[in-house]
Structure formats: C-alpha cells, structure tokens
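Only one structure is covered here, and it is reproduced in the block below.
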Amino acid sequence: MSYRVGVGYDSHRLVEGRRLKLGGVEIPFEKGLLGHSDGDALCHAIIDAMLGAAGLGDIGRLFPDTSAEWKDADSIELLKKVVSLCSKKGFEIVNIDSVIIMEKPKIAPHIEAMKHALAAAGIDAGSISIKAKTNECMGFIGRGEGVAVNAVCQLKKK
C-alpha cells in the first residue's frame, strides 16, 4: 500500500457585498471572500492538497477562473468532483489537516459545522482537522483584508 501527501494553499480578499463561506458554511460577517466561485478558501486549499497528493495538478487547471462554467460555483460541489476524481484514480483519503488564518470573525465556533459540510462532499468527518488562527494583527490578514488557508492531505492507493 502506498501513501501520498499533498499541500494546498489559498487566500482571498475580504470585501463588502459578498457572503463569508468557509468549509461550506456561511458565517455571519459584514464582509465576504472575493473569488470567481464562492471564494471558499478552505475548500480550495483542500482541493489543491488532494490534487497534489494524487498528482492531478491544481484547482486552477481543473476549474479555471476564466471559465463561465465555474462563476459563483459552490466549492463543496467542486470538492465533491475532486473526491470522486481521486477515487476513480484509486485513491482513498487518509486524513486532511488544515489551518484557517483570519483575524475576524472567530472561526472556532464554526469548525464542527465545517467538518459536517465537508463530510457531505464524501470525506469522513473523523479524517478532517480544521484549526483556526489569527495573524496577531500583522500583514494583510492582521489588517482584516483577507484570509489564508493551508491544508495537507494524505491519500492511500486502494
């Protein structure tokens, strides 16, 4: 049995007039994430980690932001497609570890809901770790201009 690891990263700007959606969960806040799709940086980082582990490229190649097909796409639906693609290639998810870095709002109260939303995409909730951190008021994150997410995914060949 072979194991493979992939790393994912995504960041998006916070802007007025958009919903804040992370891990498939809408979080009440006065700003949301700007993006071609729904801007769900957690889903995007997980997608990149999975694609990297499977050797299948990155999110931009699979769901280009130049395509009208993916405009305002629900990132949980994109994640479902990637889970299915990895499964068809003979991979099973061992675990996903992720870190959301954001000054406000507080993310920790939403983590369990995020795990359940991600599980609806075909990932065992017990295999998902989501941590929430601030950037101690430093940089674009500290100024409240955006969010960054890191994710790692371990896959095993079935």
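Nothing in this text is a laboratory measurement; each read-out follows from the coordinates by a stated rule. Note that the coordinates shown come from a computational prediction; the quantities given were computed from them, not determined experimentally. All Cβ positions, even for glycine, are placed from backbone atoms using ideal geometry, and neighbour counts span all protein chains on display.
Given the options Ser127, Ser67, Ser87, state which has the largest fluctuation in a GNM of the chain using a 10 Å cut-off (strictly under) for Cα springs.
Ser67
Angle, helix 75-88 long axis vs. longest principal axis of the chain, Cα atoms, 0 to 90°, nearest 10?
Computed tilt is about 10 degrees.
What percent of all Cα-Cα pairs in the chain falls in each 10 Å bin, counting up from 0?
The percentages, shortest bin first, are 12, 44, 34, 10, 1.
What whole number of Å gives the distance from the Cα centroid of the stretch 52-124 to the Cα centroid of the stretch 1-23?
7
Over the chain, what relative contact order in percent results from Cα pairs under 8 Å that are six or more residues apart?
For the chain, the relative contact order is 34 percent.
Lys31: which lysines have alpha carbons under 24 Å from its alpha carbon, excluding same-chain residues fewer than 8 sequence positions away?
Partners within reach: Lys21, Lys71, Lys104, Lys106, Lys115, Lys131, Lys133.
Leu34 versus Ser87, label points 7 Å from Cα toward the beta carbon: distance in nm?
3.7
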